Amino acid sequence: MSDCIFCKIAAGQIPARKVYEDDAVVAFHDINPAADVHFLLIPKQHVDSLAHCTAEDEAMLGRLLLLAPKLAAEQGLAAGFKTGINTGRGGGQEVFHLHVHVYGNR
Ligand code: AMP
Ligand code: ZN
């Protein structure tokens, strides 16, 4: 997806304040944070939304969710945090590359 902003972040083509990266996942701070700490977890491989995932995405989805508490703790949210996945225009999704919001106050 050449015009996808999160694909460009995953590829390092536009800057982001990354908090984590591996072969399949990138996490970076939200540019418009809703709390003291607010980062997004995305798969490197483009998928439009949660509603576009299939059984082939099971491992990727598990990896995103299992990383959330680990990275949240590293970012100072050991006491707890919120997660959110906005899906579709009716769900408030603005960037159509699957992402998990992780946010909370220290
Ligand atoms: P959503 O409504 O779930 O699609 O939210 C998209 C989120 O991406 C919003 O919270 C934006 O602030 C965030 N966002 C958009 N562009 C960037 C960017 N270049 N770097 C970091 N976060 C971004
Ligand atoms: Zn993308």
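Coordinate-derived values only; no laboratory data. Because the structure is predicted, anything quoted here is derived from the model rather than measured. Note that we place each Cβ from the backbone using ideal geometry, even for glycine, and neighbour counts take in every protein chain shown.
Results, tabulated for the structure shown:
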{"quantity": "Calculated log₁₀ intensity ratio I(q)/I(0) where the Debye formula runs over C-alpha points of the chain, q = 0.19, 0.21, 0.23 Å⁻¹", "calculated": "-0.95, -1.17, -1.38"}
{"quantity": "Thr87 long-range amide H proximity, modeled H, under 5 Å", "calculated": "Gln93"}
{"quantity": "Cysteines not pairable in the chain (beta carbon separation under 4.7 Å absent)", "calculated": "Cys53"}
{"quantity": "Value of [θ]222 nm, deg cm²/dmol, for the chain, DSSP H segments ≥ 4, -39500 (n - 2.57) each, nearest 500", "calculated": "-6500 deg cm²/dmol"}
{"quantity": "Angle in degrees between helix 58-74 and the longest Cα principal axis of the chain, rounded to the nearest 10", "calculated": "20"}
{"quantity": "Net dipole in debye of the stretch 1-45 [+1 Lys, Arg Cβ; -1 Asp, Glu Cβ; about Cα centre; nearest 20]", "calculated": "100"}
